[in-house]
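The next block holds one structure in the form of structure tokens; read it before the comments.
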Amino acid sequence: MNHITEYEQENDDFFENVQDLALDFGEQIEEARTSQGYTRKQLAKLINIKESHLKNIEYQKTQPNIEIQKKIEQALSIDLTAEEIEY
């Protein structure tokens, strides 16, 4: 019998909603933001997060949740998902 604990089920549910981010996601965001003429404050307001949170994302101190990731991607017309590597 396969018994899945509540903890394992919660983690499975969590990871279903997480996409692999590119290793340089913060750099990609900052580069796209600055090249499009947005200040950090302007982009944060546009996607409805605190400027300090965006700064932490750009410095890769934290990862955006999927909702924020999608808002950033849409606002800057970029894709932050990691490329799949075929072996």
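At a glance:
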{"item": "Cross-link partners of LYS61 among lysines (Cα-Cα below 19 Å; sequence separation of 8 or more within a chain)", "result": "LYS41, LYS50, LYS70, LYS71"}
{"item": "Environment charge of LYS50, counting only residues whose C-beta is closer than 14 Å and scoring Lys/Arg +1, Asp/Glu -1", "result": "+4"}
{"item": "Gyration tensor over alpha-carbon atoms, the stretch 19-76, equivalent ellipsoid semi-axes in Å", "result": "15, 12, 11"}
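Each reported figure results from applying straightforward, stated rules to the coordinates on display, with no laboratory input. Everything numeric here is computed off the predicted structure, so don't read it as measured data. Positions of Cβ are backbone-derived with ideal geometry, glycine not excepted, and every protein chain shown enters the neighbour counts.
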